[in-house]
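Scroll down for the structure; my scribbles are underneath it.
The values are calculated or read from the model by the stated rules, or taken from the named source; none is laboratory data. Computed from a predicted model, the values in this text were never measured in an experiment. Neighbour counts run over all protein chains shown; Cβ positions are idealised from the backbone, glycine included. To get the accessible areas, we keep the full protein, side chains included, count just its heavy atoms, and leave off ligands, DNA and RNA. Shrake-Rupley method; radii C 1.70, N 1.55, O 1.52, S 1.80 Å.
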Number of protein chains: 2
Amino acid sequence: MGLHVEGKDLRKAGLKVTLPRLKILDILEGSATRHLSAEDIYRRLIDTREDIGLATVYRVLTQFETAGLVTRHHFEDGMAVFELNQGEHHDHIVCLDCGRVEEFVDEGIEERQRVVAARLGYEIRHHALVMYGHCRKPDCPGAGKLRADS
Amino acid sequence: MGLHVEGKDLRKAGLKVTLPRLKILDILEGSATRHLSAEDIYRRLIDTREDIGLATVYRVLTQFETAGLVTRHHFEDGMAVFELNQGEHHDHIVCLDCGRVEEFVDEGIEERQRVVAARLGYEIRHHALVMYGHCRKPDCPGAGKLRADS
DNA sequence: GTATATGCAAAACTTTTGCATCCTT
DNA sequence: AAGGATGCAAAAGTTTTGCATATAC
C-alpha cells in the first residue's frame with residue numbers, strides 16, 4: 001500500500017506539504033482500523049523506519065483536527081483516538097472484548113437529539129454517541145463465552 | 001450542609017466505612033454541579049481542611065465506580081469526571097461556553113439504540129450520549145454573543 | 001489482632017512546549 | 001530568504017503504585 005495522498009488535501013486545508021503530514025495522513029487512510037491513537041500512529045511510523053517524533057504526531061493530529069481533516073474521540077478508556085473525516089457524521093459502537101469499533105447512523109436518533117436540544121434551549125455544535133457491548137463475532141475473544149451478566 | 005450519608009451506603013456496597021470515603025460521598029451528594037473531577041473533589045477536601053491525599057481520592061472513586069455508586073465519564077476534554085448514581089440512566093448535554101452539564105432521558109433515543117445494536121449483533125452493556133453546544137442562558141459567558149458560526 | 005485503607009512520594013502515562021535546526025514555498 | 005515545521009528533550013497534567021503507618025472491624 002503506497003501513498004494514497006497527494007499534497008492536495010493538505011494544501012486545501014491550508015497546511016504546508018511536509019513529509020510527516022503526508023505519512024500520517026497515509027497511515028490514517030490506509031489503516032484497517034479507522035480509529036488510531038497518537039501512539040498507534042507513532043508505532044507504525046517507527047515500523048516503517050520513518051524518523052518522526054511523537055511530538056510531531058501530536059502536533060500534526062491537532063492541526064488536522066483544526067483543519068477538519070480528522071476527528072478526535074475520547075472513548076471510555078480516556079485516551080484520545082483519531083479518525084479520518086470521510087463521509088458524513090456517524091456514531092460508534094465499541095466491543096468491550098476485542099476493541100472493534102463500528103460506525104452507524106440512525107436518522108431517528110439524530111432527529112430526537114434535535115428535539116431534545118431544542119427543548120433544553122441549546123444550540124448544538126456536535127455530539128458523540130457511543131454504545132459499548134459484546135460483538136460476539138467469531139474472531140472475538142469474547143465470542144465463545146456464554147452470555148454472562150458481565 | 002452537614003453529612004448527608006451514614007455508613008449504610010458504603011456497607012451495603014461492601015466497603016469499610018472510613019472517613020475519606022464518607023467525606024467524598026458527602027461531597028458528591030452535596031455538590032451543586034453533579035459532575036466532579038478527582039481534582040475538584042480534592043480541592044474541596046482541602047478547603048474543608050480534610051487531610052486526604054489525592055491518591056486516596058482516586059482510589060476511592062475507582063472503588064465507588066466498581067461498587068456501582070458512581071459513574072465515570074469522559075467528556076471531550078479527556079479528563080475523567082465522576083457522578084453519583086442516583087435515579088436511572090440518563091444522557092448529557094454540555095455547554096461549550098460555561099461548562100454547564102444537564103441531563104436528559106429520551107425514550108425514543110433509547111429505543112432506537114436498542115434497534116441499532118440488535119441489527120449490528122451487539123449485546124449492549126452501556127452507552128454514552130453527549131451533546132455539545134451553547135446553552136445561551138443569561139448567566140452564561142456565551143449568552144450575549146450573536147449566534148456565530150462557531 | 002488482622003486485614004484493609006491511607007498518606008506521601010515516586011512512578012507511569014499521555015500530551016504539550018521550548019528551542020535550535022531543517023524544510024517548504 | 002523567510003516563515004513555518006520538526007526533533008529532541010524537558011515539562012506539564014492526570015492517574016497509578018509502593019510502602020510504611022494508621023484505622024476499621
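On inspection, A:V130 qualifies as within 11 Å of chain B (Cβ to nearest Cβ), among the β-branched types (V, I, T) and on the phi < 0 side of the Ramachandran plot.
Checking B:D139, B:D77, B:D106, B:D97 one by one, the residue that is touching a residue at least 24 places away in the same chain (Cβ under 8 Å) and within 11 Å of chain A (Cβ to nearest Cβ) is B:D97 and no other.
One residue stands out in the range B:28-56 among those that are of a type in the set (S, T, Y) and surrounded by 13 or more Cβ atoms within 10 Å (Cβ to Cβ): the one that is nearest to DNA strand C (Cβ to nearest atom), namely B:T56.
Within the range B:63-74, if we keep just the residues that are open to solvent by less than 60 Å² (accessible area, probe 1.4 Å) and within 11 Å of DNA strand D (Cβ to nearest atom), the residue that is farthest from the other protein chains (Cβ to nearest Cβ) turns out to be B:H73. Within the range A:57-72, the set of residues being more than 10 Å from DNA strand C (Cβ to nearest atom) and free of Cβ contacts under 8 Å to residues at least 60 places away in the same chain comprises A:V60, A:Q63, A:F64, A:T66, A:A67, A:G68, A:V70, A:T71.
Say we look at the range A:14-27 and pick out the residues that are near DNA strand D (Cβ under 10 Å from one of its atoms) and in a helix (DSSP H, G or I); which of these is surrounded by the fewest Cβ atoms within 10 Å (Cβ to Cβ)?
Ranking the candidates gives A:L19 first.
With respect to the conditions (1) in contact with an Asp or Glu (Cβ under 9 Å, 6 or more places away or on another chain); (2) modelled with pLDDT of 95 or more; (3) open to solvent by 40 Å² or more (accessible area, probe 1.4 Å); (4) more than 14 Å from chain A (Cβ to nearest Cβ), B:Q86 falls short on a single one, namely (2).
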